[in-house]
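Values in this text are rule-based calculations from the coordinates and carry no lab data. Values in this document were obtained by computation on a predicted structure and should not be read as measured data. Cβ: placed from backbone, ideal geometry, glycine included. Neighbour counts: every protein chain shown.
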Amino acid sequence: SITYRLENISKIYDEKQILNIRELEFKTGEIFGLVGPSGAGKSTLLRLLNFLEKPSSGRIKYNGNGYLDGTLPDLSQRRSITTVLQRSALLQQSVWKNVIFPLKIRGIKITESKTLEIEELLKYLGLHELKDQRADKLSGGEAQRVAMARAVVFEPDVLLLDEPTSNLDPSNISIIEKMIERYIKKPDKTIIMITHNIMQAKRLADRIGLIYEGEMIEVAKKDKFFNDP
Ligand code: ADP
Ligand code: ADP
């Protein structure tokens, strides 16, 4: 099925058109890699998909919730979408408290089985020994792994990733890529990832879209994307 359908989307800042997308769909179950030069409009598109901002014109259909034009969807819809940025802010509290924060603010009870599940995730991410450490003492790579764990504990339907691994060393990149592939990618989840690294998009994504000056100039399955004919 289709998670998002965009129709004639534009975004204008200061009278300048930043995005102009005639038609685009993101499919449930896929990893979609968004590539393109700096300033092309990738982050702006992600903010529209998170319903943090409205398009200047056009409409976005999200799941079965009809077309969203003019008004932003209610919070209960937005809760099923989460974003991880290049540098996500963490609370100045323990790693554990950071990771369970999305559950706390949603009033979700942390059952014993959920606790075990989170502990497994932290082990998988090599964070288990750090779970009682304060987040402001972490390295950049550790902090980004915490941000990824925090983003997935409440099992969002949509995960929006804005260059989640840039500035990380290869071992941290590898841990996060494996986590995305083996832990997050599921038939009922949609992952949209901005990356400046085309090789990373080819490793992870099912489809890749190239944005250039606000326009989606190419969308293709990864094995077809920018391959010589
Ligand atoms: P990318 O993520 O591809 O690097 P962005 O979406 O961040 O690109 O930015 C696209 C363009 O929109 C840039 O020219 C940027 O300066 C501009 N822009 C982004 N956000 C705003 C804003 N809030 N106000 C004005 N201009 C913005
Ligand atoms: P509260 O502040 O409501 O007592 P906590 O945030 O301390 O709740 O803990 C919520 C849940 O997470 C509890 O089930 C607790 O046992 C578990 N928990 C808290 N800290 C840790 C930790 N460092 N490692 C594993 N489980 C923890």
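Tell me, how many Å apart are the Cα centres for the stretch 127-196 and for the stretch 14-65?
Each part's Cα centre sits 22 Å from the other's.
Taking the Cα centre of each part, how many Å lie between the stretch 199-215 and the stretch 92-119?
33
Which of L19, P37, S113 sits closest to the plus end of the dipole of the chain, meaning its Cα is farthest towards the positive end, when Lys and Arg get +1 and Asp and Glu get -1 on the C-beta?
S113
Which residues' amide hydrogens lie under 5 Å from the amide hydrogen of E30, considering only partners 5 or more residues apart or on another chain, with H built in the peptide plane?
I191
Please state, to two decimals, what the Cα-based radius of gyration of the stretch 74-215 comes to when divided by 2.2 N^0.38 Å (N = residues).
Compactness ratio reported: 1.04.
When only C-alpha pairs under 8 Å and at least 6 residues apart count, what is the relative contact order of the chain, in percent?
30
With +1 on each Lys and Arg Cβ and -1 on each Asp and Glu Cβ, and nothing else charged, work out how big the dipole of the chain is about its Cα centre, in Debye to the nearest 20.
440
Loop-only check: which chymotrypsin sites (Phe, Trp or Tyr not before Pro) in the stretch 81-169 are DSSP coil with at most 11 other Cβ within 10 angstrom?
Answer by residue number: there is no such site.
When all C-alpha to C-alpha distances in the stretch 174-229 are sorted into bins of 5 Å, what percent of pairs does each bin hold, rounded to whole numbers?
With a bin width of 5 Å, the distribution comes to 4, 16, 27, 25, 16, 9, 3.
Charges only on Cβ, +1 for Lys and Arg, -1 for Asp and Glu: so what's the dipole of the stretch 148-229 about the Cα centre, in debye to the nearest 20?
Value, rounded to 20: 380 debye.
Any idea how far apart N167 and S94 come out in nm if each label point goes 7 Å out from Cα toward Cβ?
2.7
Return the loop-located trypsin sites (Lys or Arg not before Pro) in the stretch 151-229 (DSSP other than H, G, I, E, B) with at most 15 other Cβ atoms within 10 Å of their own Cβ; answer none if there are none.
The qualifying sites are K224.
Quote the charge dipole size of the stretch 137-186 about the Cα centre in Debye, to the nearest 20; the model charges only the Cβ of Lys and Arg (+1) and of Asp and Glu (-1).
Taking the Cα centre of the stretch 137-186 as origin, the dipole is about 200 debye.
Picking from E142, E15, E177, which is most flexible by a Gaussian network model of the chain using Cα springs under 10 Å?
Looking only at E142, E15, E177, the biggest GNM fluctuation is shown by E15.
State the antiparallel share, in %, of DSSP beta bridges confined to the chain, rounding to the nearest 5.
The answer is about 60 percent antiparallel.
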